[in-house]
Amino acid sequence: MNSIYLCKAGDVPENGVIQVTPPGFDDGIAVYRLEDGFYATDDMCTHALVSLSGGEVEDGVIFCPLHGGAFDIRTGAATEFPCTRALKTYAVEERDGSLFARAD
Ligand code: FES
């Protein structure tokens, strides 16, 4: 199992999201800070080619900035039309103030 460095925990605003681009992830990963911890998903919306990290986080959901579709950040499930395909999610670990995604 590999660990991929994402960013410093302090880089991610509360109830917010940032985009990071680790080596090998051309489309980027969206890193979120929710009340119960850190989460990561693919940054590219599954509806069209738009970065979700430009959208709004609300109650554990990321709203796409283009058409208003949405995904559950914790599970990746599509929750609002026109999004119908789930986002890939990554388990996040915090170690010494840094965040890592687990890539199995
Ligand atoms: S591109 Fe995200 S909802 Fe259309």
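Two numbers describe the Cα atoms of the chain: Rg and Dmax, which are 12.6, 39 Å.
Calculated FRET efficiency, Arg102 to His67, Cβ-Cβ distance, R0 = 22 Å: about 0.10 to the nearest 0.05. Here the 3J(HN,Hα) profile of the stretch 38-55, calculated from phi with Karplus coefficients 6.51, -1.76 and 1.60 at θ = phi - 60°, is 9, 9, 9, 9, 4, 8, 7, 4, 7, 8, 7, 8, 9, 7, 5, 5, x, x Hz, Gly and Pro shown as x.
Taking label positions 7 Å along the Cα-Cβ direction at both Ala91 and Asn15, the computed distance is 2.9 nm, reported to one decimal. Charge tally around Asp27: other residues with Cβ under 10 Å, Lys/Arg +1 each, Asp/Glu -1 each, net -3.
Bear in mind that the values in this text are calculations on the coordinates, not laboratory data. Since we're looking at a predicted model, the values are computed, not measured. Don't worry about glycine lacking a Cβ; one is built from the backbone with ideal geometry, like all the others, and counts go over all protein chains shown.
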